[in-house]
Amino acid sequence: AVLPTRSIRNTWLYDPRIRQRTSKEAQPNRDLMKQRTLCAEIMINGIASFTLFDSGCTTDSISPSLAYIARADRVLLEIPMGLQLGVRSSCAKINYRARAVVVVGTVNESY
């Protein structure tokens, strides 16, 4: 990696001028089997749902549309919870939680 000519406080990871190289020779050769995502079909309130697992995430989330389709009980949070993604200007509030029965293989839990 090439460091920018700006001050050392602005690391190259956050420099907006960095671009991906277009030649295939410049990119590392990656094994497709090692790039697979961790995903499964699980049951949420009896609805089969394709799920992507994020090992670095500290919360469990479902989309509002899935909560509606699965008829998950919606509970208003007394204090809204902030949500910050790993991208610039990402800020949101979670106002509701959902109660649902989740079945993953032999595990059958109510959340």
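Values in this text are rule-based calculations from the coordinates and carry no lab data. A quick note: this is a predicted structure, and the numbers were derived from the prediction, not measured. As a convention, Cβ positions derive from the backbone with ideal geometry for all residues, glycine included, and neighbour counts pool all protein chains shown.
Once the convex hull of the alpha carbons of segment 22-91 is built, what does its volume come to per residue, in cubic angstrom?
Value for segment 22-91: 165 Å³ per residue.
Using a simple charge model, +1 on the beta-carbon of Lys and Arg, -1 on the beta-carbon of Asp and Glu, nothing else, what dipole does segment 31-100 show about its Cα centre, in debye to the nearest 20?
I would put it at about 140 debye.
Provide, as a two-decimal number, the C-alpha radius of gyration of segment 64-111 over 2.2 N^0.38 Å, N being how many residues it has.
1.43
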